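First comes the structure, then the notes that go with it.
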Amino acid sequence: ISDLLRGDWGISPVNGQPVLEEIMKYFPATIELSIVSIILAIVIGIPLGAIAAAKQDKIEDHLIRLFALGTYSVPPFLMALVLQLVVFYHLKLLPSGGRLSPLIDPPQHITGLYILDSLLTMNWPALVSSIEHIILPALTLALMVFGVLTRLVRSSMLEILRLDYIRTARSKGLDERTVIFKHALRNALMSAVTITALIFAWMLSGAVVVEYIFNWPGIGRYAVQSILSLDLPSTMGVTILYALTVTILNLIADITYAFLDPRVKLG
C-alpha cells in the first residue's frame, strides 16, 4: 500500500515501462471523452425528463420514454456501428475514429486533453479536428446513458409535482414553466446527482467497446490490452484507478447535495 501511495504501481513486463506512467498517458483521452459524453447526456436527458413529467401520459411523454428506452436497450457496439455507418460512411460528415487527423500534429501537451490544449495554445486546426473526432464516440456514450437520467428525472419530477408546495406555487399564479423548471426540477436533480456521478465513473473507467470501435486511445483499450497480454501490474493499476475514481466522484456527489438542498449539512 505504501508503494502505491508513493506512486510506485509496478513495472509492466510487456513493455518495461512504469504502470503509472502508462496509465497517465492513456487516461487523459478517456477523461476528455467522458467529460464531453456526460455533458451531452445531461443536456439531452435532464430537459427531456422534465418535459416528460410535465406532459405525463401525453404524446410527448410517450415519445420521450420510447426514445430513452430504445437508446438504453441498444447494445453499445451496435449504436457505435450504426452511427459510423450513417454519419461517416453515408453522410460523410465526421471521421470514423481516432483522436486527431493524421495530417495534423497534436497540440502542445499541457493537460493531455486535446480540446483544452488546443484552446490554450490557440492551435485552431487541432481544435477543429479534435472536436470532429470526439463527436461520434461521445454521442454514442451519451445515448447509451441519457435514458437513465431521463427516466430518473421524470420519476422524481412526478413525485415532486404532487407535493403541497407545488400546488401552492400554482395557486399563486406562477407561470407553469417557472413551476416546472425553477421549483420542481431543482429538487428532482437530487436523485440524479448520484447516478450522474456513477455514470461518469463508469465512463472514466473506460467504455471498452466504444473506445475499440472508434479507435480511441483511452484507458479502456489499455485495460483490455493488459488483460490479453497477461500484464498483471497494469491490470491491477487500472483496477485501482477505477476504485479511486468511484470513491472521489461519490464524495463529489455528496458535496453537491449541499448546494442543491440547503437542508443537507456537511458534517
For Ser101: the one exception among (1) in contact with a Leu (Cβ under 8 Å, 6 or more places away or on another chain); (2) more than 30 Å from Asn187 (Cα to Cα); (3) open to solvent by less than 40 Å² (accessible area, probe 1.4 Å): (1)
From Val193, Val179, Val153, Val208, residue being in contact with a Gly (Cβ under 7 Å, 6 or more places away or on another chain) and surrounded by fewer than 21 Cβ atoms within 10 Å (Cβ to Cβ): Val208
Selection status of Pro233, at pLDDT 85 or above, open to solvent by less than 80 Å² (accessible area, probe 1.4 Å) and farther than 30 Å from Pro102 by Cβ: yes
Test: residue in segment 127-139 that is among the acidic types (Asp, Glu), open to solvent by 30 Å² or more (accessible area, probe 1.4 Å) and either within 23 Å of the chain's Cα centre (by Cα) or over 30 Å from Glu60 (Cα atoms) (or both): yes
Tally of residues being of a type in the set (Val, Ile, Thr), in a helix (DSSP H, G or I) and open to solvent by 40 Å² or more (accessible area, probe 1.4 Å) across segment 71-89: 2
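Condition check ((1) part of a helix (DSSP H, G or I); (2) loosely packed, with under 14 Cβ neighbours inside 10 Å) across all residues:
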site	(1), (2)
Ala41	yes, no
Ile44	yes, no
Leu48	yes, no
Asp57	no, yes
Leu69	yes, yes
Residue check for Ser226: open to solvent by less than 60 Å² (accessible area, probe 1.4 Å), more than 30 Å from Glu159 (Cα to Cα), of a type in the set (Gly, Ala, Ser) and modelled with pLDDT of 80 or more: yes
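The values are calculated or read from the model by the stated rules, or taken from the named source; none is laboratory data. Only a predicted model underlies this, so the values are computations on that prediction, with no experimental measurement involved. Cβ: placed from backbone, ideal geometry, glycine included. Neighbour counts: every protein chain shown. These accessible areas exclude ligands, DNA and RNA; they are computed on the full protein's heavy atoms, side chains included. Shrake-Rupley method; radii C 1.70, N 1.55, O 1.52, S 1.80 Å.
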